[in-house]
Amino acid sequence: MTKRASAVSASPPSRSTRRNKYTLAPLVLIAANVVLFALFFVWPAVIGLVYSFTNYTGVGAFQFIGLDNYHNLFGDSTFYDALSRTLLYAVLVVPLNFVVSLLAANLVVSKSAKGGSVARVIFFIPWLLSPIVVGVLWRWMFGENFGLVNYVIEKFGGSAVPWQSNADLSLLVVVMAASWAGTGFTMLLFIAAIKNVPVSYYEAASLDGAGPWRQFFSITLPSIAPTSFIVILLNTINAMKEYPVFVALNNGGPGSSNNLLVQYIYETGFKRGQIGYASAASFVLMLILMAVAIVQLIVNRRVENR
């Protein structure tokens with residue numbers, strides 16, 4: 001009788017018990033993320049959407065004014081200036097970051113290159129810096145009256161370049177600073193993708209007489225296409241939301257010529273106290289980002305289905 005009892009107590013858990021355990025654990029983990037997502041994303045988004053239809057100033061009560069904020073926004077030349085400058089910034093910084101990161105990744109994984117591990121660390125350090133620190137560093141280098149670059153130019157007999165007072169040059173400096181700061185992370189994504197390309201592809205290409213450039217364009221680029229899509233998508237979204245580097249480097253200047261959409265939304269909402277109007281601009285920015293993501297997703301699927 002005792003042996004039978006011990007055998008029953010030592011028997012493994014039934015299949016239904018294991019199934020309940022394996023079903024419950026994922027549900028608990030998913031529920032925690034759903035609660036956090038609803039609390040920190042859905043709820044603020046709903047509040048922002050409600051505010052976009054009001055004249056809320058951040059203090060006191062508000063009144064619903066329908067689509068007046070959106071109507072005024074689409075007639076606001078300052079909004080269009082900020083939108084066009086944001087698109088120009090994204091068009092410049094995304095390809096530059098893509099090319100520099102891909103070049104760095106290929107150099108680091110190349111068997112003929114020496115010091116790949118050290119180079120990987122050096123390339124990655126800028127990504128660890130705060131965007132504010134990145135902006136201050138590049139401001140020291142490209143300051144119009146005190147910058148290192150102008151100092152060197154003048155030492156060689158040249159004239160100081162208006163890095164800060166010229167709107168296009170000022171934007172170009174921010175593009176270079178942001179690309180420099182983001183290269184490390186993008187480079188790591190490309191390194192992981194390149195290392196997953198089968199070596200046999202390159203060996204077969206070498207036997208057929210393909211050189212390094214032919215191997216890069218015919219093997220490497222097609223093989224890392226999914227990673228390239230993710231890189232372009234993430235960098236585009238980040239570029240459309242850029243703010244701290246601009247503020248630290250030139251504060252959107254000279255004047256307001258380089259104010260991007262996020263800076264326009266911030267100044268409208270928190271400096272001018274037009275929370276409802278700024279909420280409407282925020283939702284327009286969100287719709288633009290969603291459109292960019294959907295278009296890139298469609299293009300990527302068409303490329304994969306070829």
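The values are calculated or read from the model by the stated rules, or taken from the named source; none is laboratory data. Everything numeric here is computed off the predicted structure, so don't read it as measured data. A quick note on method: Cβ atoms are made from the backbone with ideal geometry, for glycine too, and the neighbour counts reach across all protein chains shown. The accessibility values were calculated without ligands, DNA or RNA, using every heavy atom of the protein model including side chains. Shrake-Rupley method; radii C 1.70, N 1.55, O 1.52, S 1.80 Å.
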**Prompt:** Which of LEU36, LEU88, LEU234 moves most in a GNM of the chain, Cα contacts under 10 Å?
**Reply:** LEU36
**Complete:** Connecting every pair of Cα atoms under 10 Å apart in the chain and solving the GNM, the largest mean-square fluctuation among ARG139, ARG214, ARG120 falls on ARG214
**Request:** Sort ASP76, ASP168 by accessible area with a 1.4 Å probe, largest first.
**Result:** ASP168, ASP76
**Message:** What figure, in Å² to the nearest 10, do you get for the accessible area of ASP208 with a 1.4 Å probe and non-protein molecules left out?
**Reply:** 140
**Request:** Send over a whole-number figure in Å² for the accessible area per residue of the chain, probe 1.4 Å.
**Result:** 62
**Message:** Explain nothing, just the number: relative contact order of region 141-240, from Cα pairs under 8 Å at least 6 residues apart, as a whole percent.
**Reply:** 18
**Placed amide H near ASN258: partners under 5 Å, 5+ positions off or other chain** = GLY253
**For THR54, distant residues with modelled amide H under 5 Å away** = ILE65
**Prompt:** Working from the pairwise distances between different alpha carbons, so that the mean of 1/r is found and then inverted, what is the chain's Kirkwood radius in Å?
**Reply:** 23.7
**Prompt:** Which percent of the accessible heavy-atom area of region 202-292 goes to carbon and sulfur, probe 1.4 angstrom?
**Reply:** 65
**Farthest toward positive dipole pole in region 30-181 [+1 Lys/Arg, -1 Asp/Glu at C-beta], among VAL161, SER84, SER130** = SER130
**Message:** Can you tell me how region 234-290 classifies by the Cα gyration tensor, rounded, prolate or oblate, using a/c under 1.5 as the rounded cut?
**Reply:** oblate
**Prompt:** Under a Cβ-Cβ cut-off of 14 Å, what is the net charge of the residues other than GLY182 that fall near it, where Lys and Arg count +1 and Asp and Glu count -1?
**Reply:** 0
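From largest accessible area down, sort MET187, MET176; use a 1.4 Å probe on the protein chains.
Working: MET187 0, MET176 60 Å².
Reading off the accessible areas and sorting them downward yields MET176, MET187.
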**Complete:** Across ASN251, ASN166, ASN69, the residue with the highest GNM fluctuation in the chain (Cα network, 10 Å cutoff) is ASN166
**Request:** Measure out, as a whole number of angstrom, how far apart the alpha-carbon centroids of region 255-306 and region 78-145 sit.
**Result:** 22
**FRET efficiency, GLU304 to VAL99 (Cβ-Cβ, R0 22 Å, nearest 0.05)** = 0.50
**Request:** Mind running the shape call on region 23-145? Use the C-alpha gyration tensor, a ≥ b ≥ c as the square roots of the eigenvalues: rounded below 1.5 for a/c, prolate if a/b tops b/c, oblate otherwise.
**Result:** oblate
